[in-house]
Every structure is written in structure tokens, then in C-alpha cells.
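**Student:** The structure under discussion is supplied below as C-alpha cells; questions concerning it will follow.
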Amino acid sequence: MASKWRPLTADEIAKLTSQGCTCPDWSKTQVADGFSPERVKTTHFSGDVRLGTFRKDVRFEGGLAKPSGISNATIHNCRIGNNVYINQVKSFIANYIVEDNAVIENVDFLAVDGNTSFGNGTDVAVINEAGGREIPIYDHLSAQLAYIIALYRHRPKLIEKLRAMIAEYVASVTSPMGLVATGAKILNTRIIKNVKVGPAATIEAANRLENGSINSCPQDPVYIGPGVFASNFIACSGSKISDGAILSNCFVGQATELAKQYSAENSVFFANCGGYHGEACSIFAGPYTVTHHKSTLLIAGIFSFLNAGSGTNQSNHLYKLGPVHQGIVERGSKTASDSYMLWPARVGAFTVVMGRHYRNSDTSDLPFSYLIEHEDESILVPAVNLKSVGTVRDAKKWPKRDHRKDPKKLDLINFKLLSPYTIQKMLNSCKLLRNLKATGIETAGYFAYHGVKIKHDSLDKGIRLYEIGIDKFLGNCLIHRLQDKQFTNVQQLHAELKPQTDIGPGKWADLAGLFAPEEAVSKIIDDIESGALGTLDQITAAFTSAHENYPAYEWTWATNVIQQQLGKTIDTIGPKDIIEMINKWKSAVIELDNMLLADTKKEFSETVQAGYGIDGNFAERTADFANVRGSFEANAVAGEIKQHIEEKSRLADELIRRLQKIR
């Protein structure tokens, strides 16, 4: 964009007029030095207009090149940068800054009407469709800040402070001028009103975009594709909205894709979400919330790391006081085809929901479970998902599917499968199941708990699986802490075991992807209320610090549990105590991995081969299956599990040998 502007010369005005250009007052049109009137044709100008230089060609798909310039358009009150290409504007472009190398072709309408904040400040009624948890969206909203705004309504001063900060940001971006930033392309699109278009974005064949920000960046452009309708929205870097998607009052996070006629209203989607075919209404979709199916509705809930099966549905309206009910589905859960839940309800982390559930249940203290419908009853099988190979596969695939390329990542994501957040629930689960067995009332082989039923024989199995998970996590922490560390006496060992911080031993929270001690979260909230954190940037820095300090906080939490289990303080724990825990860890790893291997082997059983070798005999069916699916022995997942057993066994044995040398 030029920094110096000059009036048009008489010769330039004459040239423009001869090429079909008109203007009621040419004195209001200014140009940059090097302006080429030859490249501006059949265009009407009005208001204050500035035109850059048009010297280069613009390249399109297929290798087609066209000369930059303006033709067949009406331009009102705009500033046009260098080497911009504008052609075939059916109505007009009004009140826009069009930066260098932007392309606008075959557009019906592109205008800003009055002061606008480009979607910033839009209240999005998440989680509770009837309101009360509205999030005022803005350009740099993170999943963590949104979580606090939506769910900490018991802290009204906090919400007031946050709203005031966001309102200040909204005021700072409110303008009567829109933006089509450097390198952006708007092609074959109908109506764009009050929309800010970021660098390198592509808008192609969209139907209507109104009151929004497309926060693209050159490293991770945004794509808005055919048939899209979007109003009161913000789309973050790397996001893709296409194929007839319809959005109203939505925030679309980094690297999120909404396509294939997906419909969403009053919803926020954070990093790496995917929505296809189905519907969303008033949802808080934390990172990696994915739904692929036409018949799937997510409504009035908070989710993260979710895989929603076809026909997934929830009810938030009991036809009494309106759609006032809500659900919480903790991270890592899955819903099977045709699953249904009646809100209010809460689903524990990494739970698989199958069938239809008509009671208001709460399984938050029983993670890694199966929630199954049987004869219209909700049956919970505790901990069984710990031994599912699908759970391990999910935990490995999420980091690999982080498609964010923007150098500034908005959401803080911890991918750990086992963490203080889930292990604290397992510890509680063991106590809960033991108490249920000891003091609960058994009816027809079931114990009732928070709207679900648990089979008698599931109690001991659940306790055992949870104990394996706990031993594995504590051993992981010990191995990580002592691996590659040098210690030759007990004093040095104690020094390595000592935590670096006092923060972490209490309860933990999952803030839509960020694991943190509630103590650390409370400190952030207190600082916001007191004014110690007075800006959005400072709050972001505080959340980032909590995220980066996870390893130290985790170790503080782990040492607290280790001391409780051993009945000793860090200063009195000896090498034999550590060796005992490492042996328990090794046994837990091997036992759990063997369960995972057995679960993997089921995918190669004779039953699974039904549908193969369509016209052949048994041998041909087996051969067809082997050629399509491979064999268990050659399966990559099975190989990784076997290798994991060997590697962890070596780690355990090496550390034990070093500990045995301490006297």
C-alpha cells in the first residue's frame, strides 16, 4: 500500500474517461506515484478513493495470468493497494481498504455499512440454549478463556471484568472501514457485508457473509467455500468453511473444518474440530470435537476430544421451563451410532456411550467406562475402556492431527491420556466402587449409582483396571523423573525426587484442553478479579505459564500420592520403595499392553472376516481378508504395543539396577 498519494492529472482523468470510467468529483480520487490509468476501465468512482499502482500480472488456478487493475466495478470510498485485481463487481464495493495483491472477481456486493466490529463482541449462547452462559467472542479468543467465561458464573465479578476487557478490545477494532488484506482472494461470491478478510484468505462462491472476521494468515490461510451462509462469526487461521455450511453466531477455531451442509448456531468450535453433515446448537466444542454424520445433533453441551457417531442426539427441553438443561461430556468420549442422552447429565472422561439413556446420570468420577443401554436401563461398566486399543489409538492420533500452522496458537492443548486430572478420578473410583460393594444395596445383581446401574461383577474388575492405570501413571512419573539422572546415594536420590513447586497436590481441572491444578486456576481468577491481571494479553500469558508448568505441577501431584501410598515423606523414601513402585509399574504396563494386544487381535478374528471372499470358500475368504486388512502379526499397532513392552521393560530394569547400587 502506497504511503504518499497525489491528485489525478488532467491527462489521467481524460484517459480514464475514455476507457468508460466515471466519477462525480475526480478531485476526491487520489493515486500513488506510478499509477497506470490504462489498467482501470469501465468503473464508476465516488467518495474518497485512493488507487495504487497496477504493474504486475495476477495468477489464477491453471496457470492463467491476468493484468492487475480495475474493470467493470463501482468503487465508493475505498483505498485500493498495489497490483490489486478487481473485475465484475455487480453492485459495488464500498468503505473497504483493499491491500496489495488482493483479488476480487465476480462479486455481487462488498460493503461496510456504518461502524462495525466485524463479529467481535457477538454474544454466543453456549451450553445452555436458554442463555446465562454467553461468550462474547473476539479475534483472539482461546478455549481456556471461553471455558472460564461460560462456566464460572458463580464468580460474577470475574465475568464482569472479562466482559469489560473484551468490550475494550471490541471498541478498538470497531471501524467504518472494512479490510481485504494482502493476497486475499474473493471469487464468484454473492454478498459480503461488514466482513474483515485477513491476509491470504480465499472466499470462493460463498452465498452470504455478514458481520464477521476471517482471521487468516499467510502461514495458515482461511478458506470459505461454495454455498456458505455465515453471520455474526469469527473464523480463525487455518479454518475451512465450505460446501453449503450455515453458521449463525459462531466462533470457528484454528484448523477447524465445517463442511458438507453442516449447520451451527450459537456455538464455539476450538482447534482441530470437524463438523460435517450434521447440526450443532449452543455447544462448546473444545479441541478435537468431531462429528461426521447427517443425522447427528450436538446440543446444549460442552465436549472435547469427542467422536460423535451417526444419529447421536441429546434432549435439553423437557417441555416445562424451556430448553434450559445442559450436559457435560468430558474429554475423550465417544458416542456410538444412535446414542441418545437426556440432559442434564455428565459423562466421565474417555467414556463410550452406546444406546439410549433416559435418566439424568453423572459418571464423572468413573472415567474410561462403557455406558450401555440394556432393557431401557443405563448400565455402566467401569474402567473397561482402559484396555481398548481404540483409546490408545486416539491418544496417539490427536497430536499428529494438530493441523495448526499459525505461529500464534490460541488454544493450549495437553494430549496426555493419563494425567492428574484422570488419575485423581481413578483414585476416587476405587474408593467409590469399594464403598458401593460394602454398603450399597444390591438389586437383581446391580448396584445403583447416580442414575446408572453397575453389575456386581463389574466392581472388582473396575477396581483392578483403575489400580493398573494408577500404577502405570505413577511409574511413568518416576521413570521420567529419574531417567538419565545421576545419583549415587540416598541424599542425591531425595534431591531428585523433591518437587520444585508446592502447586499441584490438590484437585485438578481440564479447561477445554489445558490440564492445571485448581489452585493455579484459582490464582488466575483471583488475579483477574483483583486487577493484577488487567489485560487479555496478561491473562493469556498466565494460562500459558500454567500450561508450560504442567510437568512441575504433575510431579508435585504425583509425589503427594506416592507419599500417601507409601506412608512416608520424600526424605524417608528409600531405594527399595522406589524399586517396588517400578516393579509395579512394569507389571502394570505389561498387563495393560497384553490386554491391548488381545483387543487388537479381535480385529483379525474369524468373525470379523465375514464379508470377505464374497464368492469364494473359507481359504479364499481368509486370503481376501489378509490382502485387504493384513495379518495380526504384521499389524503396525500390534507391533508398536510389543515394542512398547520391550522398551518399558528395559527402562525399568536399567533404573532398578542403578537404584540397587545405592547404599
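Since every read-out is calculated from the coordinates, none of them should be taken as a lab result. From a predicted model like this one, the values you see are computed outputs, not experimental measurements. Methodologically, a virtual Cβ is constructed for each residue, glycine included, from the backbone with ideal geometry; neighbour enumeration extends over all protein chains shown.
**Student:** Using amide H atoms built 1.01 Å from N in the peptide plane, name the residues 5+ places from LEU51, or on other chains, whose amide H lies under 5 Å from its own.
**Tutor:** Counting only residues 5 or more places away or on other chains, the set is GLN30, VAL31, ALA32, ILE80.
**Student:** As a test, work out the antiparallel percent of DSSP beta bridges whose residues both lie in the stretch 373-494, rounded to the nearest 5.
**Tutor:** 90 percent
**Student:** Can you tell me the relative contact order of the stretch 1-107? Whole percent, Cα pairs under 8 Å, sequence separation 6 or more.
**Tutor:** Numbers: 269 pairs, mean separation 23.0, N = 107.
Rounded, it is 22 percent for the stretch 1-107.
**Student:** Only sites in a loop by DSSP and with at most 14 other Cβ atoms within 10 Å count here; which chymotrypsin sites (Phe, Trp or Tyr not before Pro) in the stretch 346-398 make the cut?
**Tutor:** Answer in residue order: TYR358.
**Student:** On to the next question. Report, in listed order, any pair from LYS28/LYS196; LYS294/LYS409; LYS387/LYS576; LYS485/LYS642; LYS161/LYS405; LYS396/LYS416 with a Cα-Cα distance greater than 21 Å.
**Tutor:** On the way: LYS28/LYS196 25 Å; LYS294/LYS409 31 Å; LYS387/LYS576 30 Å; LYS485/LYS642 27 Å; LYS161/LYS405 32 Å; LYS396/LYS416 9 Å.
From the list (LYS28/LYS196; LYS294/LYS409; LYS387/LYS576; LYS485/LYS642; LYS161/LYS405; LYS396/LYS416), the Cα-Cα distance tops 21 Å for LYS28/LYS196; LYS294/LYS409; LYS387/LYS576; LYS485/LYS642; LYS161/LYS405.
**Student:** Relative to 2.2 N^0.38 Å, what does the C-alpha radius of gyration of the chain come to as a ratio? Two decimals please.
**Tutor:** In units of the 2.2 N^0.38 Å rule of thumb, it is 1.15.
**Student:** Now for a different question. Suppose only helical runs count, i.e. DSSP H with n ≥ 4. What mean residue ellipticity at 222 nm does that imply for the chain under -39500 (n - 2.57) per run, divided by all residues and rounded to the nearest 500 deg cm²/dmol?
**Tutor:** -10500 deg cm²/dmol
**Student:** Now a separate question. What longest range of the chain stays clear of loop-exposed GluC sites (Glu not before Pro) (DSSP non-H/G/I/E/B, at most 11 other C-beta within 10 angstrom)? Walk me through the numbers on the way to the answer.
**Tutor:** Numbers: sites that count: GLU375, GLU606, GLU633.
Longest run free of exposed loop sites: 1-374.
**Student:** Counting alpha carbon pairs within less than 8 Å and at least 6 residues apart, what relative contact order, in whole percent, applies to the chain? All intermediate terms of the calculation are to be shown ahead of the outcome.
**Tutor:** Working: 1603 pairs, mean separation 46.6, N = 663.
It comes to 7 percent, rounded to a whole number.
**Student:** Give a residue-ordered list of calculated ³J(HN,Hα) values for the stretch 281-289 (Karplus: 6.51 cos²θ - 1.76 cosθ + 1.60, θ = phi - 60°; whole Hz; x for Gly, Pro).
**Tutor:** 9, 6, 10, 9, 9, x, x, 6, 7
**Student:** Over the stretch 371-476, what is the relative contact order in whole percent, taking alpha-carbon pairs under 8 Å and six or more residues apart?
**Tutor:** Result for the stretch 371-476 is 38 percent.
**Student:** If you don't mind, another one. Within the stretch 521-617, which chymotrypsin sites (Phe, Trp or Tyr not before Pro) sit in a loop by DSSP and count at most 14 neighbouring Cβ atoms inside 10 Å? All intermediate terms of the calculation are to be shown ahead of the outcome.
**Tutor:** On the way: sites: PHE543, TYR553, TRP555, TRP557, TRP585, PHE604, TYR612; in loops: PHE604, TYR612.
Of the chymotrypsin sites (Phe, Trp or Tyr not before Pro), not one in the loops of the stretch 521-617 has a Cβ with at most 14 other Cβ atoms within 10 Å.
**Student:** Using r as the Cβ-Cβ distance of ALA171 and ARG359, and R0 as 45 Å, what FRET efficiency do you calculate, to the nearest 0.05?
**Tutor:** About 0.45, to the nearest 0.05.
**Student:** Under a cut-off of 17 Å between alpha-carbon atoms, report the aspartates and glutamates in cross-link reach of LYS648, not counting same-chain residues fewer than 8 places apart.
**Tutor:** The reachable aspartates and glutamates, counting only those whose Cα sits under 17 Å from LYS648, are ASP471, ASP484, GLU580, GLU591, ASP593, GLU640.
**Student:** Now, a different point. Among the listed pairs LYS400/LYS425; LYS334/LYS568; LYS4/LYS66, give every one whose C-alpha distance is greater than 32 Å.
**Tutor:** Among LYS400/LYS425; LYS334/LYS568; LYS4/LYS66, the Cα-Cα distance tops 32 Å for LYS334/LYS568.
**Student:** Using DSSP to call loops (not H, G, I, E or B), can you name the trypsin sites (Lys or Arg not before Pro) in the stretch 118-213 whose Cβ has at most 16 other Cβ atoms within 10 angstrom?
**Tutor:** Sites meeting the loop and neighbour criteria: ARG153.
**Student:** Next question. Regarding the stretch 399-483, what are the three Cα extents along the principal axes, ordered largest first, in Å?
**Tutor:** Its Cα atoms span 57, 34, 17 Å along the three principal axes.
**Student:** With helices defined as uninterrupted DSSP H runs, which ones in the chain have an alpha carbon span along their own long axis of at least 27 Å and mean Kyte-Doolittle hydropathy of at least -1.0?
**Tutor:** For the chain, where a helix must reach 27 Å along its axis and average at least -1.0, the hits are 420-439, 456-482, 575-602, 636-660.
**Student:** Let me ask something else. Can you list the HN-Hα couplings for the stretch 291-308, worked out from phi with the Karplus curve (6.51, -1.76, 1.60; θ = phi - 60°), rounded to whole Hz and with x for Gly and Pro?
**Tutor:** My calculation for the stretch 291-308 gives 9, 10, 10, 4, 8, 9, 10, 10, 9, 6, x, 10, 9, 7, 6, 9, 10, 9 Hz in order.
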